[in-house]
Structure formats: structure tokens, C-alpha cells
């Protein structure tokens, strides 16, 4: 059993809203000032929280209905492929009531949102920081002010937003006193080169949960698709990271705040996806994606430095800490 200093706490956070309430479960990543991995990544000088799960279609739908109640889609927050693609999870109903035009598709509410860009994630971050509801999408965590492209935008200190690459990496692969060098190859606390290939039931839940299970290689067939997104966290706690995060390997690539101007203004992404090889999910693999681009295998999770922003209201602490306590395999 881990000592108390290694116990990971989780915050169930909700932000008051007049339209909808998005609740995010957070995992606390402690052990500040840890050394970097041999890759050069993973060192973080402060304690922070990162969402335990990828942002889901249900959460993103609430964001859409609150910020775009009339369906004008001013900032292209909705991609039509979310509705037309069998791997997308959100439909647009033009005749729906104002504030209810975006609807979660059957069996897709707990799947990670896809067909989103870095700018979509940044705008959701602003909205969360500004209290949800009618909160602005253009200022707060990132000063976007209508921008739709480029990489000259940084997260405000301590604010909720896309994790830095080091924050993302540490949450996925680090375990103090775990692996011989403190870092695992996979985000499932394993160094096995070929993780167990996830399969899925008819509802898109991983049907073979257990140790070192990752949704990659188009193994999770459901909804008539050869490989598809799976319900977040359904690989089970034996495939979670040391800090209690799920699906940082496979399912969808996850965007982060690192940049590359040499690739035409791109943001970093890590973790691999449902249709990629196990190599893409490893700590040694990193990728970049055009900041305004969108795809069916790209999503995101969020993070913020402790102490939490004042706009976040802690609902529960103890229960999450119990659920995310881990034993070393």
C-alpha cells in the first residue's frame, strides 16, 4: 500500500451556471520539482490538477448549448462531422429550442469529444474560468479575442486550460519510486512494449478491462466501425496512471500547450489514438497538429495549477481520493 504522501486525491469540481453545469473530475498531481525523464519531459515545479478523463461529448454539448444557444456557430465550435460521422458524438438540430440545439448522440455521451481544435479547447477553458453560463469564450485563461489561428496564445498563470506538455507527460508516465527511473513507457504503469488491445461491447465500453489495456490499433469495433472511440475510463483502474488518470494512452490524441512554428503554427499532442499503433501511445512519442485543425482521433483534457482558480467550487474531495487510490502492480 502506498504511504499517505503518495495517495492521490481527486476533486469533483463544478462551476455554477444559469444554463448548464459541467462537472469535471480532477486528479491531483503532486511531488513537485520532480526530475525529468530521459526524454527531457515530465519535470513540473508545482502541484497541479488534471482532468482524470478526456473531455466528453456530454460535457462539450453543455458548453455548446450555453455559448451558442441560437446555433450560429460564430467561432466554429461545432464541426458538422460530429453529427455526420459515426465516430462523432454530437448532433445539431436546427429546429431545436434555443439553448438545446446541440444533442448528444446515442451511446456517445461518455466518449471523448473529437473533431475539436486547440482553439475549441481554449475557448471552453475560458468559459469554465468565467463561470460557465454566459461566460466569455474569448478572455480569461487565454486572450483569444476572436482569433481562429496562430500559436501566440499562452495560458494565464494558474488558470484552467490545456496542460503544458510537461504537465501532461508527468500525469501520464511518472511514478515516484515506481519504475527504476521513475517513469513508465505507457500511461498504464507498464513498460510492456505491446499493451493489451482493447475490445468493445455494443455500447462502446471496453469489454476486456484490466492491466495495461489501451484502445489502439482499431481493435475496439462497435457501431459498425472497424475501431472506434470507447467510454472514458472503461479500461478500469488497473490501466490508470499512478495519479489516477485514464486513457492517456489511446482513444484520442490529446492536445497540449506546446508549440511548433516550423510546422505552420501547430500545437503538441500525445498519447496515440484508437486507430494508431501502440508506438504512438508511448512516452517516447510526441506529435504536432495544426492549431485550428480537427479530426476524429483528436481530443483533449484540461489542467490547472494548485491552488485552484476562484471560479471553481469544490464539491467533493474524500470520495474521489478513495476511488483513485492505487496499489502498485
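The values are calculated or read from the model by the stated rules, or taken from the named source; none is laboratory data. Given the structure is predicted, the values throughout are model-derived calculations rather than measurements. Using ideal geometry, Cβ is built from the backbone for each residue, glycine included, and neighbour counts are taken over all protein chains shown.
Just a yes or no: is a residue in segment 192-199 within 22 Å of residue 301 (Cα to Cα), at pLDDT 95 or above, out of contact with any helix residue (DSSP H, G or I) (no Cβ under 8 Å at 6 or more places or on another chain) and surrounded by 19 or more Cβ atoms within 10 Å (Cβ to Cβ)?
yes
Can you spot a residue in segment 316-326 that is surrounded by 22 or more Cβ atoms within 10 Å (Cβ to Cβ) and either at pLDDT 95 or above or out of contact with any strand residue (DSSP E or B) (no Cβ under 9 Å at 6 or more places or on another chain) (or both)?
No, the conditions are met nowhere in segment 316-326.
Residue 298 is checked against (1) crowded, with 17+ Cβ neighbours inside 10 Å; (2) over 30 Å from residue 80 (Cβ atoms); (3) modelled with pLDDT of 95 or more and fails just one. What number does that condition carry?
(2) is the only condition that residue 298 fails.
Filter segment 149-174 down to residues that are at pLDDT 95 or above and either farther than 26 Å from residue 34 by Cα or touching a helix residue (DSSP H, G or I) at 6+ places or on another chain (Cβ under 9 Å) (or both) and give me whichever is surrounded by the most Cβ atoms within 10 Å (Cβ to Cβ).
Within segment 149-174, the match that is surrounded by the most Cβ atoms within 10 Å (Cβ to Cβ) is 163.
Can you work out which of the residues in segment 86-103 that are surrounded by fewer than 20 Cβ atoms within 10 Å (Cβ to Cβ) and touching a strand residue (DSSP E or B) at 6+ places or on another chain (Cβ under 9 Å) is nearest to residue 61 (Cα to Cα)?
Restricting to residues being surrounded by fewer than 20 Cβ atoms within 10 Å (Cβ to Cβ) and touching a strand residue (DSSP E or B) at 6+ places or on another chain (Cβ under 9 Å), the top hit is 103.
All but one of (1) part of a loop (DSSP other than H, G, I, E, B); (2) more than 20 Å from residue 273 (Cβ to Cβ) hold for residue 218, so report the exception by its number.
(2)
Pick from 24, 15: which is modelled with pLDDT of 95 or more and surrounded by 18 or more Cβ atoms within 10 Å (Cβ to Cβ)?
24
For (1) within 13 Å of the chain's Cα centre (by Cα); (2) over 18 Å from residue 229 (Cα atoms); (3) in contact (Cβ under 8 Å) with a residue 24 or more places away in the chain, each residue gets a yes or a no:
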position	(1), (2), (3)
243	no, yes, yes
247	yes, no, yes
252	yes, no, yes
261	no, yes, yes
275	no, no, yes
280	no, no, yes
285	no, yes, no
290	no, yes, yes
294	no, no, yes
